[in-house]
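Working notes, structure below.
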Amino acid sequence: MANSNLPRRIIKETQRLLSEPAPGISASPSEDNMRYFNVMVLGPTQSPYEGGVFKLELFLPEEYPMAAPKVRFLTKIYHPNIDKLGRICLDILKDKWSPALQIRTVLLSIQALLSAPNPDDPLSENIAKHWKANEVEAVETAKEWTRLYASGA
Amino acid sequence: MDSEDDMHDANDLESLDDDFYSGETGMGSDDGDGDYEFGNNASDDSDDGNLNRQQENYTVLSEDDIRQRQEEDITRISTVLSIERDHACILLRHYKWDVDKVHEAWFANEESVRQTVGLYENPVARTFSRELLCGICFERHPCDRMCAASCGHFFCYSCWRGYVSTSINDGPGCLMLRCPDPPCGAIIGQNMINLLASNEDKEKYSRYILRSYIEDNITSKWCPAPGCEYAVDFVMGSVNFDVSCNCSHNFCWNCTEEAHRPVDCTMVAKWILKNSAESENMNWILANSKPCPKCKRPIEKNQGCMHITCTPPCKFEFCWLCLGAWTDHGERTGGFYACNRYETAKQEGEYDEAERRREMAKNSLERYTHYYERWATNQSSRQKALQDLQNMQNVQLDKLSDTQSQPESQMKFITEAWLQIVECRRVLKWTYAYGYYLPENEHGKRQFFEYLQGEAESGLERLHQCAEKELQTFIDSSGPSKDFNDFRTKLAGLTSVTRNYFENLVRALETGLNDVGESGNQPTCSRSSSIKSGKGKNGKTRTIGGTTSRSLDDGNHSHWSCESCTFANTKSSMVCQVCHRRR
Ligand SMILES: [Zn+2]
Ligand SMILES: [Zn+2]
Ligand SMILES: [Zn+2]
Ligand SMILES: [Zn+2]
Ligand SMILES: [Zn+2]
Ligand SMILES: [Zn+2]
Ligand SMILES: [Zn+2]
């Protein structure tokens, strides 16, 4: 039903995501809703998330691509720009969204965010404080959480 | 030496005074400078009856005025910089409509301005093919179905329309809309919007541009009155923030609260906060009903002035604020008008009478209650006066000119009286906030303040009563009355006397009550008989302050100046009339 009048752009993007996946990222549309994607992001090397497999959900709203996709982490993650509901603080998902961006660029940006946490623009106040006060310890916690929750069971 | 300096100062102050008063000293400022002379202004067409008579330091702008100014600014920039109007508008928006800043920045470094603003001279992307892929819908389109901003990034019309419409419907941020290509900062101007947007969106966009001219410009603000569409452009650096909008709303340009001269913005904010914190305790004040102090029946206040007469058979005349007999008020008994004073009220035990007030005292709200009640009552009294003024202008003056067989042009003194009442109620109201915050241990200041406030208030009560009640008898009368001309003289006289009292009060408060001695502000000799009689066409003899007192001081030594509060007392009194200090 929801898929009957899917814009060509979404179809093309989906085809390309499946045929040429970005390294460390997989995104596949749900069978009953082509606007809903199951996403996996591998923790980038040399980040506290290395070795983890993080599940996310991505939804393309009716206004897409004029409005940004809605993305959220399903896997628990210790990161200053991601809150405990998995919501992500990323400018291109908000005011910096442009219709010329794509699902692929969004997921690559999220991957980059895992490599470079930004405690100065926090979503999770406590984690950001921790990060600023004692980065070594915070990174340890992030590694610990990755082992606990993202070990790709 | 000393005395010469004093002389000099005195003269300076005198000429200062002349801006506010009639120059009755004959110092030569009477003619030519356009300052009005109080007492003669009752039928002067040019007077607005306002306390603010200085040069206006603001301009009220209608929507047409705003558009015109905006167009003029755009034209100036477009001409001087030799750029398109569309681009001039973009630059002005970026620099908050500051024409000088645009000039300055542009001529300092045009290239850097173009980069920051996103106004590119040469497209960064160029293409010569006939068909292009649109980066939004991922379809190929012939080039003539596509367009680009100054950067040359092409997208199809359909995607542009979606892009522009989404942005416009997101709010005023659309004025900063940039090319959809992610790292590109090329700005989208109104020309492109007009090419791509629906009529409804174009209208919205142009309203945003109009609004930005007021909201982004540091010298202008919208009038805060609900539904009012005027804006006010302010001359920055002016001391007086009170502005009067064409919708008749008076407000403070600085804090956008209602006009509150002579009280400053900080005190107003504090007072408003206090009021909202205490609002539950103060509801009974706003209920506008009190028991008659004599027969105890509930009396509702449905008039502006504070002189209340209980319904028959009681007919007791009392003061709404202090519940004392009206006969004890002001001039008639020769005593001080004191119902503005908290201490007096407390001493006389009025606050112990009512149960509620005792409760208030318990909660240490008693003092606040005193000031709040007077503040709130003057507020509602002003509201009432505004209605009466309108009713006067729309209905009553016409009727009056019929019954008195006098042209309506002869009735201007009535409008002026009402304008004065409205303005004075506003000032008086705020002086109660001032009184509340005036430190209790500053006895000299407090006494001086309460004296001036009392004078002003009692003058205003006389004026209000005259305009409200005495006037009614002439409106109701069946034919011309021979007393009408006397009434005119009386009302016009009261108007100018009251204006004078209030000017004194305002000035004293604005100088922090500091110049008690020097400026000639002191209420010397104010209690002249002509106030009572209301006679004397031009009322010049009853000036308070400045010149009269000085001439008395200097001349016949009939007064002595109190060392503590500087009040000029008559020779005969051995104790200061204001602060009771011995001579
Ligand atoms: Zn561009
Ligand atoms: Zn397109
Ligand atoms: Zn207005
Ligand atoms: Zn203010
Ligand atoms: Zn009564
Ligand atoms: Zn009273
Ligand atoms: Zn004294």
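The values are calculated or read from the model by the stated rules, or taken from the named source; none is laboratory data. On a predicted model such as this, the values are computed, not experimentally measured, just so you know. Backbone-built Cβ (ideal geometry, glycine too); neighbour counts: all protein chains shown. Surface accessibility is based on the protein's heavy atoms, side chains included, excluding ligands, DNA and RNA. Shrake-Rupley method; radii C 1.70, N 1.55, O 1.52, S 1.80 Å.
Here are some notes:
- Global geometry of the stretch B:217-299, whether rounded, prolate or oblate, following the gyration tensor of its Cα atoms and the 1.5 cut on a/c: prolate
- Counts of other chain beta carbons within 10 angstrom of each beta carbon in peptide B:135-142 average 4.
- Residues B:Thr415 and B:Glu442, FRET efficiency given R0 of 51 Å [Cβ-Cβ distance, rounded to 0.05]: 0.80
- Per-pair calculated FRET efficiency, R0 = 51 Å: A:Glu137 and B:Ser129 via Cβ, rounded to 0.05: 0.35
- For the stretch B:54-144, applying the loop criterion from DSSP together with a ceiling of 16 other beta carbons within 10 Å to the chymotrypsin sites (Phe, Trp or Tyr not before Pro) yields B:Phe128.
- Shielding by partners for peptide B:157-165, expressed as the average number of C-beta atoms from other protein chains within 10 Å of each residue's C-beta, is 2.
- Label-zone membership for the stretch A:16-37, site A:Lys55, 7 angstrom Cα→C-beta point, backbone N under 15 Å: A:26-31, A:37
- Label-point gap, in nm, between A:Asp120 and B:Met236 - each point 7 angstrom along Cα→Cβ: 2.9
- Qualifying GluC sites (Glu not before Pro) in the stretch B:96-186, where qualification requires a DSSP coil assignment and no more than 10 other C-beta atoms within 10 Å, comprise B:Glu121.
- FRET E, pair B:Glu470, B:Val60, Förster distance 41 Å, beta-carbon r, rounded to 0.05: 0.75
- Theoretical gain in end-to-end length, B:Asn275 to B:Cys143 [0.36 nm per residue, Cα-Cα removed]: 41.0 nm
- Three-way shape label, the stretch B:63-215, alpha-carbon gyration tensor, a/c 1.5: oblate
- Listed pairs B:Lys296/B:Lys445; B:Lys274/B:Lys384; A:Lys96/B:Lys202 exceeding 27 Å between Cα atoms: B:Lys296/B:Lys445
- For residues of B:166-176, the mean tally of beta carbons on other chains within 10 Å: 1
- Cα-based shape type of the stretch A:1-143, given that a ≥ b ≥ c are square roots of the gyration tensor eigenvalues and the cut on a/c is 1.5: prolate
- Summed over the residues of the stretch A:89-153 and divided among them, the accessible surface reaches 55 Å² per residue at a probe radius of 1.4 Å.
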